[in-house]
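This report refers to the structure that appears directly beneath it.
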Amino acid sequence: MKTKLQPSKNVTLNKPDEKRQGMKVRTVVTGHDAKGRAVFVRDEQVDGMPIPGLGELAFLWNANEPATYPNAGNNPAAPGIFPPVGGIRFVIGTYLPGDFIAPEPTPEMHLEDGDELGRANAGFHRTDTTDFGVVLSGNLALQLDDGAEVSLSPGDVLIENGTRHRWRVVGNVPASMASFIIGAQRR
């Protein structure tokens with residue numbers, strides 16, 4: 001039996017002046033059947049999860065260890081935003097305009113004095129990860145701890161290597177970025 005796939009709508013975002021109904025990301029997943037043949041196992045819309053101080057994140061694939069094949073194509077659904085060494089996360093985030101993006105810290109985020117919410121360096125953090133990001137829409141600025149800043153536009157790619165940084169949306173419309181995050185070891 002062949003599965004007919006519909007053309008992708010990719011990331012659907014509401015216009016800034018519309019009542020926010022959330023982000024939806026079409027996700028198509030392959031796997032293997034009992035005989036080891038390739039099959040489509042899922043074609044679904046993944047809803048974004050509101051994250052206070054950030055916007056929304058759609059968690060598309062979360063694993064705490066490398067995959068082995070053949071497999072059924074089930075998402076390991078490991079908990080947490082940031083993976084352990086060798087783990088992966090694939091997320092799409094929609095970030096809201098305003099000051100620096102400063103979500104509530106998680107245990108995996110390393111903060112320095114003054115990085116807390118409401119402080120001068122709010123939003124600065126580092127994680128023990130290598131993050132591969134592609135800006136999908138809007139504009140983002142990435143600031144490093146020495147004050148250096150770079151602006152990123154749709155199609156731009158960032159490879160963030162465990163450095164202390166913070167984000168902000170440039171302009172008055174939300175920005176979206178797809179990120180593939182790999183857990184790394186800090187020495």
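The values are calculated or read from the model by the stated rules, or taken from the named source; none is laboratory data. Remember, it's a predicted structure, so these values are computed and weren't measured experimentally. In this analysis, Cβ positions are derived from the backbone assuming ideal geometry, glycine residues included, and neighbour counts consider all displayed protein chains. Surface areas here come from the heavy atoms of the whole protein model, side chains and all, with no ligands, DNA or RNA. Shrake-Rupley method; radii C 1.70, N 1.55, O 1.52, S 1.80 Å.
None of 28, 39 is touching a Leu at 6+ places or on another chain (Cβ under 7 Å), over 16 Å from residue 180 (Cα atoms), assigned to a strand (DSSP E or B) and modelled with pLDDT of 95 or more except 28. Restrict the check to segment 64-84 and report whether at least one residue is assigned to a loop (DSSP other than H, G, I, E, B), touching a residue at least 12 places away in the same chain (Cβ under 8 Å) and under 11 Å from the mean Cα position of the chain (by Cα). Within segment 64-84 (the criterion being assigned to a loop (DSSP other than H, G, I, E, B), touching a residue at least 12 places away in the same chain (Cβ under 8 Å) and under 11 Å from the mean Cα position of the chain (by Cα)), the answer is yes, since at least one residue qualifies.
Listed conditions (1) closer than 30 Å to residue 124 by Cα; (2) modelled with pLDDT under 95 are all met by residue 58, apart from (2). Any chance segment 45-58 includes a residue that's farther than 29 Å from residue 138 by Cα, without any contact (Cβ under 8 Å) to a residue 12 or more places away in the chain and not in a loop (DSSP other than H, G, I, E, B)? Among the residues of segment 45-58, not one is farther than 29 Å from residue 138 by Cα, without any contact (Cβ under 8 Å) to a residue 12 or more places away in the chain and not in a loop (DSSP other than H, G, I, E, B), which makes the answer no. For residues that are surrounded by 11 or more Cβ atoms within 10 Å (Cβ to Cβ) and closer than 20 Å to residue 131 by Cα, tally how many sit in segment 57-84. Adding up the residues that qualify gives 17. Kindly provide the set of residues from segment 127-141 that are crowded, with 18+ Cβ neighbours inside 10 Å and under 13 Å from residue 165 (Cα atoms), ordered by number. If the condition is that a residue be crowded, with 18+ Cβ neighbours inside 10 Å and under 13 Å from residue 165 (Cα atoms), then 127, 129, 131, 140 are the ones that fit.
Of the strands (runs of 3 or more DSSP E) contained entirely in segment 145-187, those carrying at least 1 residues that are loosely packed, with under 14 Cβ neighbours inside 10 Å and in contact (Cβ under 8 Å) with a residue 24 or more places away in the chain fall at 157-161.
Going residue by residue through segment 127-142, is there one that turns out to be modelled with pLDDT of 95 or more, farther than 16 Å from residue 57 by Cα and aliphatic (A, V, I, L, M)? The answer is yes; a qualifying residue exists. Within segment 85-126, if we keep just the residues that are at pLDDT 90 or above and open to solvent by 60 Å² or more (accessible area, probe 1.4 Å), the residue that is farthest from the chain's Cα centre (by Cα) turns out to be 85.
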